[in-house]
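Engineer: Right, I'll just put the structure down here and ask away after.
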Amino acid sequence: MIKRPNKELDCQGLACPLPILKTRKAIDELSSGQILKLVCSDPGSVNDLTSWSSSTGHIILSSNEEDGIYIYLIQKK
């Protein structure tokens, strides 16, 4: 069961690299174990977030796409 997010970030309409930059800033404001919900419309975010989470150690708990909107739940390491 996935917990409710502690913070939400809406990056719809923003293109790379802004969603990643804003995600990094939002994650920095959370404590370890807390969850960020990211909503964006950039299809490149799938690869960008996968690479970013691999390099930072933060965990993508879920990743969904519906009608061109990408929703991620990311847990801070």
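Engineer: Among (1) within 11 Å of the chain's Cα centre (by Cα); (2) without any contact (Cβ under 8 Å) to a residue 12 or more places away in the chain, where does Asn47 come up short?
Structural biologist: Here Asn47 clears every test but (1).
Engineer: Scan the range 55-77 for residues that are without any contact (Cβ under 8 Å) to a residue 24 or more places away in the chain and under 12 Å from the mean Cα position of the chain (by Cα) and report the count.
Structural biologist: The number of residues fulfilling the criteria is 4.
Engineer: Under the condition of being in contact (Cβ under 8 Å) with a residue 40 or more places away in the chain and part of a helix (DSSP H, G or I), which residue from the range 1-37 is surrounded by the most Cβ atoms within 10 Å (Cβ to Cβ)?
Structural biologist: Here the residue is Thr23.
Engineer: Restricted to the range 55-77, and to residues that are within 15 Å of Asp42 (Cβ to Cβ) and not in a strand (DSSP E or B), which residue is most open to solvent (accessible area, probe 1.4 Å)?
Structural biologist: Selected residue: Asp67.
Engineer: Kindly provide the set of residues from the range 31-77 that are out of contact with any helix residue (DSSP H, G or I) (no Cβ under 8 Å at 6 or more places or on another chain), modelled with pLDDT of 95 or more and among the aliphatic types (A, V, I, L, M), ordered by number.
Structural biologist: Ile35, Val39, Leu61, Ile69, Ile71, Leu73
Engineer: Taking only the range 5-22 into account, find how many residues are under 11 Å from Asp42 (Cβ atoms) and touching a helix residue (DSSP H, G or I) at 6+ places or on another chain (Cβ under 8 Å).
Structural biologist: Number satisfying all stated conditions: 6.
Engineer: Moving to a separate point now. Would you mind telling me which numbered condition in (1) open to solvent by less than 80 Å² (accessible area, probe 1.4 Å); (2) outside any strand (DSSP E or B) Pro43 fails?
Structural biologist: In the conditions (1) open to solvent by less than 80 Å² (accessible area, probe 1.4 Å); (2) outside any strand (DSSP E or B), Pro43 misses (1) alone.
The values are calculated or read from the model by the stated rules, or taken from the named source; none is laboratory data. It should be emphasised that the depicted structure is a prediction, and the values quoted were computed from it without experimental measurement. Using ideal geometry, Cβ is built from the backbone for each residue, glycine included, and neighbour counts are taken over all protein chains shown. Please note that ligands, DNA and RNA were not included when accessible areas were found on the heavy atoms of the full protein model with its side chains. Shrake-Rupley method; radii C 1.70, N 1.55, O 1.52, S 1.80 Å.
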